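For reference, the structure is listed below as structure tokens.
The values are calculated or read from the model by the stated rules, or taken from the named source; none is laboratory data. A quick note: this is a predicted structure, and the numbers were derived from the prediction, not measured. In this analysis, Cβ positions are derived from the backbone assuming ideal geometry, glycine residues included, and neighbour counts consider all displayed protein chains. Just the protein is used for accessible areas: all its heavy atoms, side chains included, with ligands, DNA and RNA removed. Shrake-Rupley method; radii C 1.70, N 1.55, O 1.52, S 1.80 Å.
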Number of protein chains: 2
Amino acid sequence: MELKPPKSDLPTLEDVARAAGVSTATVSRSLNSPDQVSERTRQRVMATVRALRYSPNFGARALAAKRTNTYGAVIPTMENAIFARGLEAFQKVLVANGATMLVASSSYDPAIEEDQIRTMIARGADGILLIGAERDPEIYDFLKERHIPVVIAWSGTGVSALSCVGFDNQAAARELAARAIGLGHRRIAFISAYTENNDRARDRVAGARAALEAAGLDPSAMPVLETKYSIQCGRDAFVELMRESPRPTLVMCGNDVLAAGAMRAAHELGLKVPADVSITGFDDIELATVIQPALTTVHVPHRQMGGLAAEVLLAQVRDNSAAQQVNLETYIVERASLAAPGFQPTVAAE
Amino acid sequence: MELKPPKSDLPTLEDVARAAGVSTATVSRSLNSPDQVSERTRQRVMATVRALRYSPNFGARALAAKRTNTYGAVIPTMENAIFARGLEAFQKVLVANGATMLVASSSYDPAIEEDQIRTMIARGADGILLIGAERDPEIYDFLKERHIPVVIAWSGTGVSALSCVGFDNQAAARELAARAIGLGHRRIAFISAYTENNDRARDRVAGARAALEAAGLDPSAMPVLETKYSIQCGRDAFVELMRESPRPTLVMCGNDVLAAGAMRAAHELGLKVPADVSITGFDDIELATVIQPALTTVHVPHRQMGGLAAEVLLAQVRDNSAAQQVNLETYIVERASLAAPGFQPTVAAE
DNA sequence: GCCCCATTTGTAAGCGCTTACATTTAGAAT
DNA sequence: ATTCTAAATGTAAGCGCTTACAAATGGGGC
């Protein structure tokens, strides 16, 4: 505490003003709204800025301008490739617009998430990216009260009056399930991420149920196992599901990671995919193409979502534009892990 | 610009002071150094803070205290699971200490990286996390000039006088290669990430060479293909390597992602792993356990690294402690993809 | 009851910037 | 020339907080 080094004698706006022979206001304007300054003056100021290696003090600027040019992102975890992708894109767009990104992860815990959101706001975030629409209304009130623009990603329709950039989880899952039913599957099981506090996971399960119902099947007959987001958990869940008799002919998974675990378990149980059992995923991350057989899954445009979220947020903050609701398209990627039940591949495995 | 909503009438320190019947200094102290305030006063102040839902203004605080409690992390990309893991851990430790994380990615481009570093500093980062030690010395000068603590992760010995939390990439790769040589491998090929501006990648290749040399083999005879970080690239590189005659009996990969691609290519070429060709990875991400056969690789404690990096950085900033150099242990994870070289396959790929 | 010192509290000076408002300057129109 | 207007620049008032320093308070020890 005592030894704090002099952080120190960095040039200030005033130093630049003095050196350039203008007022601080002119320097400030040259930096922030160049077109309010004459060409000649601006040149001179900028040259001085460079000569002095001046860099504006962030705190002072934030204090005076009431804006930080910093945006927060609160996501469940960076270790999930889908969020990592989205974040990367979000950040790129931010940087391209001269802004920076604050990140925090909640580990899927609503209490932690709330805390992180408050911290971001206290840190002066001009806007904030949130995943999924489901959370304590009090948080939305808090955000509204402070006039902080929010964009919700990964979920389609969000809270009204809030921007969102997402897709229809339920419709996507329904479509995939319908496709499987069309192929002849009747006994379908589902491995889902925990649905509590997770509207995306819940919607995906609901989508499968809806397809069943539409096909005149009993949706409540579909076994659903909820588990954590990890390969190991997908594996365990699959083993559990295969204890049933008769066995399901298709195991749908709420995401690709769980599906990878399921695939793994299938191999260990000596089950051929898709001959003995079909497996589907959701998200279409790289993993889906690496496992054997390659995974039939739903492609979600994560990068696009992250990039668009940033744009929407920036527009709200900078141009005071209205909240927007953007719904992105998803599509089924047919690979090898889903086929008609009992399907014999022309070339035997191994 | 014009319509900016009133961000507005949030309570200030002064409001709290007035309401609690004390001076602003006392409120500030209650918040920042509670033990300088009497128990009774503090209680009263805190109650008022809660009642008014007061939250300190970030800019003002940063301006007055010359500290933001914000730390920057500049990484190549969040889409790489190893960095995502490290970052997640880094962030967790930061949050546990009341700090927040600013993130930027450089896409492995030194110019972008430099830019991001400068931006972070301009944003008032109190300290900064960097990946790998190799960069323009000018950047280090800049950082030193501003007295910004830096911690370098992922590389063992870094720039002197800078903290680093890493591991010995070269030794780890050497050990793995030595193990393979002990198994009987003589023709080894290497698929590496681009080594330009990437000391980690370079060290890994160097490690393999060192093992060859130590075994009396010619290190320059080892084919090395450099490529981008992606499964597809690993696949292409592997195919390329298999054109050689005689074929290598072992393809070492600079990371697990490349190895996954190689594995994929091996299957496509009808090559059995490890009978026809062994494959090794590096990093030990989850992917390594999903592919068939499971990957023999080097385990790197990414999370630990990220967490420690945060601790080192915090210590430097808060306690003004000296720079530390921490070297973490790695170890070989033996799975199925590496075995003694089998007979030379005569069946050609199509 | 008095003195001294440690503890607690208050006073007020900035921190470095933005911006409303005032002033000056320079063209254009007459 | 003169007047008017728009563009360019300057002045200076904060923004909300921290902290050096000063002042007040409260116990012991005598």
- [ ] Give, ordered by residue number, each residue of segment A:247-284 whose 1.4 Å probe accessible area is reduced by a minimum of 50 Å² on adding the remaining protein chains to the chain alone.
- [x] A:ARG264
Task: Ascending list, in nanometres, of distances separating the B:PRO34 label from those of the other copies (7 Å, Cα toward Cβ) - done: 5.0
Task: Label geometry 7 Å along the beta-carbon vector: B:ARG186 inter-copy distances in nm - done: 6.2
TODO: Specify the angular offset, from 0 to 90 degrees and rounded to the nearest 10, of the alpha carbon long axis of helix B:302-318 from the longest principal axis of the alpha carbons in chain B.
DONE: 30 degrees
TODO: Over the alpha-carbon set of segment B:33-162, work out the extent along each principal axis and list the three values in angstrom, largest first.
DONE: 54, 33, 24
TODO: Quick one: P(r) of the protein assembly as shown from all Cα-Cα pairs, 20 Å bins, percents rounded to integers, in order of increasing distance.
DONE: 16, 44, 31, 8, 0
Task: Principal axes of segment B:13-65: Cα extent on each, largest first, Å - done: 29, 22, 15
- [ ] Wrap a convex hull around the Cα atoms of segment A:152-248, take a quarter of its surface area, and give that in square nanometres.
- [x] 6.9 nm²
Task: In degrees, nearest ten, helix A:110-122 long axis to first principal axis of chain A (Cα) - done: 20 degrees
TODO: Using the Cα centre as the reference, give the magnitude of the dipole from point charges on the C-beta atoms of segment B:13-65 (Lys, Arg: +1; Asp, Glu: -1; all else neutral), rounded to the nearest 20 debye.
DONE: 120 debye
Task: Within-9-Å neighbourhood charge of B:GLY72 [Cβ basis; K, R +1; D, E -1] - done: 0
Task: Filtered trypsin sites (Lys or Arg not before Pro), segment B:45-143: DSSP coil and at most 12 other beta carbons within 10 Å - done: B:ARG53
Task: Protein accessible area in segment B:13-65, 1.4 Å probe - carbon and sulfur % - done: 49 percent
TODO: Based on alpha-carbon positions alone, could you give the equivalent ellipsoid semi-axes of segment A:200-350 from the gyration tensor, as √(5λ), descending, whole Å?
DONE: 33, 18, 14
- [ ] Could you check how many percent of all C-alpha pairs in chain A are farther apart than 26 Å?
- [x] 57 percent
Open item on the list: Once each part is reduced to its C-alpha centroid, what is the distance from segment B:236-308 to segment B:152-215 in angstrom?
Closed with: 15 Å
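Student exercise: in the protein assembly as shown, how many lysine pairs 8 or more apart or on different chains have Cα atoms under 12 Å apart?
6
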- [ ] With a 1.4 Å probe and every protein chain left in place, work out the accessible area per residue of segment B:131-278 in Å², rounded to a whole number.
- [x] 38 Å²
TODO: Report, for B:SER220, each distance to the same residue's label point in the other copies, shortest first and in nm; define the point 7 Å along Cα→Cβ.
DONE: 7.7
Open item on the list: Please compute the length gained on full extension between B:ASP218 and B:ALA161, using 0.36 nm multiplied by the number of residues separating them and subtracting their Cα-Cα distance.
Closed with: 16.9 nm
